[in-house]
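Visitor: This is the structure I have questions about; it appears just below.
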Amino acid sequence: MREYGNRRVIVTGGAGFLGAHLCRRLLADGCEVICVDNFYTGTRGNVRHLLENPMFEVLRHDVTFPLYVEADEIYNLACPASPVHYQYDPVQTTKTSVHGAINMLGLAKRVKAKILQASTSEVYGNPSVNPQSEVYWGNVNPIGPRSCYDEGKRCAETLFFDYHHQNGLRIKVVRIFNTYGPGMHPNDGRVVSTFIVQALRGEDITIFGDGSQTRSFCYVDDLIDGLQRMMASADDLVGPVNMGSTYEFSMAELAEKVIAMTGSRSGIVHRPLPEDDPVQRRPDLTLARERLGWEPTVSLDTGLEHTIAYFRELLGA
Ligand SMILES: NC(=O)c1ccc[n+]([C@@H]2O[C@H](COP(=O)([O-])OP(=O)(O)OC[C@H]3O[C@@H](n4cnc5c(N)ncnc54)[C@H](O)[C@@H]3O)[C@@H](O)[C@H]2O)c1
């Protein structure tokens, strides 16, 4: 029997970077939250501050195995998200996306829960159109080093839509673009965390290629707000919906900004571009704006300030 009258929400991958922020926000909204994680890249430390809350529970569980828990809503975030982590065990990465989706969709079907999938801009691969809107089918290499992640996420989307069409499941698919903020892993090889850590340690900042490739970065608070709006949206909005920032700039510009904001003496060195690294990525946010009234509000400077402060404390720098 339910102990509380509030919504019970499962967050898979709840001990990861985005998951921990989401758990915190859901608890603040009065939800009962079950964080399901196998601690592959996430840590107990990420959710330690939530453990005293009686509405919060952590379950050590691998989503590639079935789970039987009552819930009203499921956010499916479990999956290593940075190339160093998802390429370490590519078979497990695909299994996490595909078997994980099957298991969580099966659970949602049994308990009649609404379920949201954390998909990714990587489903667009190396896009031939810019910006990418949700109708673009993508340009993905099925057998490259990024394929375990990209194709796993694409297959998960397929499963979500087939469960929706076949079983009438209430689904929500969000394609998340690069997101950053406090709580990121210091060694995950993602560009914002890597540049900040290198700058704070006074090491040279490593840019892959000539630094002209562009990215857009969304601050974590904005993204979590978007995920919650999507979950709360009308049942006819199933997605996929892009979420990210449209403010696009080059890796060289980011490196210079981080050096200036940290007051670092770091230099900049260039390394060869990794295989299949997309040259350009930027979301078309029309759908999110029109249907959810959502767009990022936190400026890059403000977001970087918070993130740099977090890493300063973490590294004691
Ligand atoms: N952060 C981004 O920029 C970004 C961009 C696009 C998509 N996403 C998606 O958002 C989700 C969360 O990303 P993140 O940045 O927080 O990554 P993260 O690596 O910090 O978090 C992923 C979490 O999933 C857990 N996990 C991995 N495999 C699991 C398994 N088999 N069973 C249970 N738990 C498992 C990890 O331990 C970790 O806590 C991922 O699905 C990712 O693909 C993130």
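The values are calculated or read from the model by the stated rules, or taken from the named source; none is laboratory data. Note that the structure is a prediction, hence the values are computed from the model and not measured. The area values use the complete protein model at the heavy-atom level, side chains included, leaving out ligands, DNA and RNA. Shrake-Rupley method; radii C 1.70, N 1.55, O 1.52, S 1.80 Å.
Visitor: Can you put ILE143, ILE34 in order of accessible area, largest first, using a 1.4 Å probe?
Guide: ILE143, ILE34
Visitor: In the stretch 180-317, what percent of the accessible surface is made up of carbon and sulfur (1.4 Å probe, ligands and nucleic acids excluded)?
Guide: 47
Visitor: Right, next: Could you give the angle, 0 to 90 degrees to the nearest 10, between helix 300-315's Cα long axis and the longest principal axis of the Cα atoms of the chain?
Guide: Taking Cα atoms only, the helix is inclined about 90 degrees.
Visitor: From the protein chains alone at 1.4 Å, what is the descending order of accessible area for VAL258, VAL58, largest first?
Guide: Highest to lowest solvent-accessible surface, that is VAL58, VAL258.
Visitor: While we're looking at this one, here's another question. Would you kindly derive the ³J(HN,Hα) couplings of the stretch 185-198 from the backbone phi angles with the Karplus curve 6.51 cos²θ - 1.76 cosθ + 1.60 (θ = phi - 60°), listing them in order in whole Hz, with x for Gly and Pro?
Guide: 6, x, 10, 8, x, 6, 5, 5, 5, 4, 4, 5, 4, 4
Visitor: From the square roots a ≥ b ≥ c of the eigenvalues of the alpha-carbon gyration tensor of the stretch 1-119, which class results: rounded (a/c under 1.5), prolate (a/b over b/c), or oblate?
Guide: Oblate is the answer for the stretch 1-119, as a/c is 1.5 or above yet b/c matches or exceeds a/b.
Visitor: Using Cα atoms only, what is the angle between the long axis of helix 220-232 and the major principal axis of the chain, expressed in degrees (0 to 90) to the nearest 10?
Guide: Helix 220-232 sits roughly 20 degrees off the main axis of the chain.
Visitor: Could you pull the accessible area for VAL91 with a 1.4 Å probe, rounded to 10 Å²?
Guide: 100
Visitor: List the equivalent ellipsoid semi-axes of the stretch 88-179 in whole Å, largest first, each obtained as the square root of 5λ for an eigenvalue λ of the Cα gyration tensor.
Guide: Each semi-axis is the square root of five times an eigenvalue, giving 23, 16, 10 Å.
Visitor: If you line up the Cα atoms of the stretch 225-275 on their principal axes, what length do they span on each, largest first, in Å?
Guide: The Cα atoms of the stretch 225-275 stretch 51, 30, 14 Å along their principal axes.
Visitor: Ranked by accessible surface with a 1.4 Å probe, highest first, in what order do THR194, THR43, THR93 come? The partial results should precede the final answer.
Guide: Values: THR194 35, THR43 65, THR93 0 Å².
The residues order as THR43, THR194, THR93, largest area first.
Visitor: Ok, one more. So which lysines can LYS112 reach, going by Cα to Cα under 18 Å and dropping same-chain residues fewer than 8 places off?
Guide: Cross-link targets: LYS172.
Visitor: What whole-number volume per residue, in cubic angstrom, does the convex hull of the C-alpha atoms of the stretch 158-317 give?
Guide: 120
Visitor: Could you tell me the distance between the Cα centroids of the stretch 37-72 and the stretch 141-187, to the nearest Å?
Guide: 20
Visitor: Here's something else I'd like to know. Report, by chain and number, residues whose modeled amide H sits under 5 Å from the one on LEU273, excluding near sequence neighbours (fewer than 5 apart, same chain).
Guide: GLY209
Visitor: Here's a follow-up. Amide H to amide H under 5 Å from TRP294: which residues, 5+ apart in sequence or cross-chain, H placed 1.01 Å off N in plane?
Guide: Placed amide hydrogens put ARG289 under 5 Å from TRP294.
Visitor: Measure nothing but the geometry: give the 0 to 90° angle between the long axis through the Cα atoms of 251-262 and the longest principal axis through the Cα atoms of the chain, rounded to 10°.
Guide: Orientation of helix 251-262: about 80 degrees from the principal axis.
Visitor: Would you mind listing how long the chain runs along its three principal axes, going by Cα atoms, in whole Å with the largest first?
Guide: 59, 44, 38
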